[in-house]
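First up is the structure itself, then whatever we jot down about it.
The values are calculated or read from the model by the stated rules, or taken from the named source; none is laboratory data. Please read these numbers as outputs of a predicted model, since none were measured by experiment. Cβ sites come from the backbone with ideal geometry, for glycine too, and all protein chains shown count toward neighbours.
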Amino acid sequence: MKKQLLKLAACGLLLASVNAYAQTPTKTFVVKAGEVKAPIQSTMWGVFFEDINFGADGGIYAELVKNRSFEFSKPMMGWTIQRKEFKEGDVLVLNRQQTNTANPRFIRVTATNAEKGSLSLTNEGFRGIGIKKDLRYDFSVMYRQQTPGVKLNVELINAKGDVIGSTVVNPEASASDWKKATVSFLATATEPNGKFRISFEGNGVIDLDMISLFPEDTWKGRPGGMRADMIQMLADMKPGFIRFPGGCIVEGFDLSQRYQWKKTIGPVEERQLSINRWNFEFAHRPAPDYFQTFGLGFFEYFQLAEDIGAEPLPILNCGMSCQFNTAEVVPLDQLGPYVQDALDLIEFANGDVNSTWGKKRAELGHPAPFNLKMLGVGNENWGPQYVERLKIFTKAIKEKYPDIKIVNSSGTDPNGDRFDYLNTSLRSMKADIIDEHYYRRPEWFLQNAKRYDQYDRNGSKVFAGEYAAQSDKTVSVNNRNNWLTALSEAAFMTGLERNADVVFMASYAPLFAHAEGWQWTPDLIWVDNLNVIGSANYQVQKLYSINKGTHVVPMLLKNEAIAGQDSLYASASLDKNTNDIILKVVNASGKEQQSEITLEGVKKLAGKATLYQLSSEELDKVNTLGNPPSIAPVEKQLSLKGKKMKLSLAPYSFSVVRVKM
């Protein structure tokens, strides 16, 4: 315990005492339930998705075959050709060039007296393929026969090379034009690190493209859909919004690599692949096989938001690439197509089925509008070059769609000259929402619990768009999702909730990370090929989101907001939908603290309350894949005496109390 206290002190946490066992006076908290201070937006707590850490391909997009259309910079990356006898040119990569600019490459396989297993292609998947026993797998391929006579043996294999599921595809003999073959089969064993193989048999020449394999258990059972266990983690949070598709991938290393939403809709075989900027961003975490196939595109993002009851928040490129990389910008007189993309996206989301882009949405299977209410222009851009471009976007969007709220960037940091310039400029423009980012050490989050107490209540609103406490330092491979980081974020979030008339939205970032393929840490949810685990930070975010409340009320200690006194942080809200009072209290000290809570301004209480508490005296503790979460809420019932109740605050704990009125 003493070692842990010293560790906390070194991190700059404010400890009321170095003696964890000292008896301290009972704290008296007063909740003024009759004094509503501000409404809490339905979007208050949300999620921010970026295709980083293999978050899309190899992540929530459930495709199991890597480089399925041979469009990676190295066409056969992810594939291994196996032969018993080498024959020159038996597997060739061909390019249609202008015939199909979105997906030009395919392979041509020539089989000569091939026996099963004598000529095959094996795909390694995304850091392996997770295979589940008795689960159905759906295979599909685009093919064209140059010379009929080839049979395809489709197989799942385990780490030892044993076949654990197979089927056969007999292409149509007359298929001289491109056709699609589909077949399903069951896996006979579970394997966390499997592979996928096509073995050729017979004589003939066949062209193959879009070689695909999906598990049966996608989200909502949609063919070619998303990985269900990962999406369920989001649905369980009941987020108010989902921001997509990023992040830095919106900007691109240069403008040729920027995210272009129009290229991500329609038939998947017509969506043009792009390199992912996290492919090469960090020399210490290279990912040369990281590309975007856009099987998960803007239609699927909107559909996902609808599925989990979240408001969609798309972010679009503003004519600027990543300023840390090339800082390439579009001249102002050439910005028109970028602005038109924004206007067309709003029509795609909300337009009538008779409009150009509303019709495209309907053709994709969603005649009803997605009811888009907000849109981000630029990701983490800064400087006067951003402001002058933003003004052009804002004028065009507001003239045609005055009710759309625009999310504006305040740059990369929560303070400094860059932030001050943007914050001043945006507020003078009467910007709707300003996106603030904070990647800082835990002590910063504790010290900034009052950050928004003095903000202008009538000015631009704040989106706490990206935040995560860094256990080591920003962009460090040693950052961990430990309890110390999660606890400091919980304390900071009491200040966000207390100032809900200023802060309209908040989201942790990044969202997902593959344990074998990450570029950035810490991350909210960790996955491997078969498992998913919510970090300690996820547990905090989820408790806030599912206990949001509808209105802020004061929670005071000695008639002051509770934001660091004796290492305590607190906020309170009413949920007028359930008639509950919701209290959130963080004890960031290493000693147990006793409190008595008085609830004023209520006529009658139900007599009992429910406590959900996260705690650990091991500040380095993390939730690990393959194991039940070691940091998870413990639920208890509390008794009330009249309008008072006692609450014991465990060392290093975050407590949520719901009191029924």
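Which residues, counting only those in segment 112-135, are under 25 Å from the mean Cα position of the chain (by Cα) and at positive phi?
Result: 125, 127, 128.
Among the listed residues 242, 275, 265, identify the single one that is surrounded by 20 or more Cβ atoms within 10 Å (Cβ to Cβ), closer than 30 Å to residue 476 by Cβ, in contact with a helix residue (DSSP H, G or I) (Cβ under 7 Å, 6 or more places away or on another chain) and not small (Gly, Ala, Ser).
Testing whether each residue is surrounded by 20 or more Cβ atoms within 10 Å (Cβ to Cβ), closer than 30 Å to residue 476 by Cβ, in contact with a helix residue (DSSP H, G or I) (Cβ under 7 Å, 6 or more places away or on another chain) and not small (Gly, Ala, Ser) leaves just 242.
Where the second residue is polar (S, T, N, Q) and part of a strand (DSSP E or B) and the first is under 7 Å from residue 612 (Cα atoms) and lies in segment 627-640, which pairs have Cβ atoms under 9 Å and are six or more apart or on separate chains?
633/613; 634/613; 634/615; 635/610; 635/613; 636/610; 636/613
Residues in segment 118-128: is at least one assigned to a strand (DSSP E or B), surrounded by 12 or more Cβ atoms within 10 Å (Cβ to Cβ), without any contact (Cβ under 8 Å) to a residue 60 or more places away in the chain and in contact with a Leu (Cβ under 8 Å, 6 or more places away or on another chain)?
Among the residues of segment 118-128, not one is assigned to a strand (DSSP E or B), surrounded by 12 or more Cβ atoms within 10 Å (Cβ to Cβ), without any contact (Cβ under 8 Å) to a residue 60 or more places away in the chain and in contact with a Leu (Cβ under 8 Å, 6 or more places away or on another chain), which makes the answer no.
Against the definition (farther than 19 Å from residue 530 by Cα, of a type in the set (A, V, I, L, M, F, W, C) and within 14 Å of the chain's Cα centre (by Cα)), how does residue 242 come out, yes or no?
The answer is yes for residue 242.
Does residue 584 satisfy the criteria of being in contact with a Leu (Cβ under 9 Å, 6 or more places away or on another chain), among the charged types (D, E, K, R) and under 25 Å from residue 437 (Cβ atoms)?
When the stated conditions are applied, residue 584 passes them.
For (1) touching a residue at least 24 places away in the same chain (Cβ under 8 Å); (2) within 30 Å of residue 519 (Cα to Cα); (3) under 34 Å from the mean Cα position of the chain (by Cα), each residue gets a yes or a no:
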| position | (1), (2), (3) |
| --- | --- |
| 77 | yes, yes, yes |
| 92 | no, no, no |
| 110 | yes, no, no |
| 170 | no, no, no |
| 192 | yes, yes, yes |
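Residue under question is residue 98, and the condition is that it be at pLDDT below 95, polar (S, T, N, Q) and outside any loop (DSSP other than H, G, I, E, B); does it hold?
Considered against the rule, which asks whether it is at pLDDT below 95, polar (S, T, N, Q) and outside any loop (DSSP other than H, G, I, E, B), residue 98 comes out as yes.
Taking the condition of a type outside the set (A, V, I, L, M), in a strand (DSSP E or B), in contact with a Ser or Thr (Cβ under 8 Å, 6 or more places away or on another chain) and outside the structural domain of residue 270 (by TED's automatic domain parsing), does residue 138 pass?
Here the answer is yes, as residue 138 does meet what is asked.
Could you check segment 608-657 and list, in sequence order, the residues that are surrounded by 15 or more Cβ atoms within 10 Å (Cβ to Cβ) and either more than 21 Å from residue 534 (Cβ to Cβ) or at pLDDT below 95 (or both)?
Of everything in segment 608-657, those that are surrounded by 15 or more Cβ atoms within 10 Å (Cβ to Cβ) and either more than 21 Å from residue 534 (Cβ to Cβ) or at pLDDT below 95 (or both) turn out to be 609, 638, 640, 643, 645, 647, 648, 649, 651, 657.
Is it the case, given these coordinates, that residue 49 is hydrophobic (A, V, I, L, M, F, W, C) and crowded, with 24+ Cβ neighbours inside 10 Å?
Here the answer is yes, as residue 49 does meet what is asked.
Residues to consider are 113, 53, 95, 103; find the one that is over 30 Å from residue 284 (Cα atoms) and either touching a helix residue (DSSP H, G or I) at 6+ places or on another chain (Cβ under 7 Å) or in the same structural domain as residue 468 (by TED's automatic domain parsing) (or both).
After applying the criteria, what remains is 103.
Out of 182, 188, which single residue is at pLDDT 95 or above, assigned to a loop (DSSP other than H, G, I, E, B) and under 33 Å from the mean Cα position of the chain (by Cα)?
Result of the check over 182, 188: 188.
Would you call residue 527 out of contact with any Asp or Glu (no Cβ under 7 Å at 6 or more places or on another chain) and of a type outside the set (S, T, N, Q)?
It is true that residue 527 is out of contact with any Asp or Glu (no Cβ under 7 Å at 6 or more places or on another chain) and of a type outside the set (S, T, N, Q).
Can you confirm whether residue 234 is assigned by TED's automatic domain parsing to the domain that holds residue 465, crowded, with 20+ Cβ neighbours inside 10 Å and touching a residue at least 24 places away in the same chain (Cβ under 8 Å)?
No: the conditions fail for residue 234.
Spot the failing condition for residue 577; the list is (1) under 32 Å from the mean Cα position of the chain (by Cα); (2) outside any strand (DSSP E or B); (3) surrounded by 22 or more Cβ atoms within 10 Å (Cβ to Cβ), and only one is missed.
Every listed condition holds for residue 577 apart from (3).
Conditions first: (1) in a strand (DSSP E or B); (2) small (Gly, Ala, Ser); (3) under 17 Å from residue 484 (Cβ atoms). Residue 590 passes all but one, so which condition is the exception?
The number of the failed condition is (1).
Being within 27 Å of the chain's Cα centre (by Cα) and surrounded by fewer than 17 Cβ atoms within 10 Å (Cβ to Cβ) is the filter here, so list the residues in segment 384-404 that pass it.
Of everything in segment 384-404, just one residue is within 27 Å of the chain's Cα centre (by Cα) and surrounded by fewer than 17 Cβ atoms within 10 Å (Cβ to Cβ), namely 403.
Do we find that residue 308 is crowded, with 16+ Cβ neighbours inside 10 Å, farther than 29 Å from residue 325 by Cα and either at pLDDT 95 or above or hydroxyl-bearing (Ser, Thr, Tyr) (or both) in this structure?
yes
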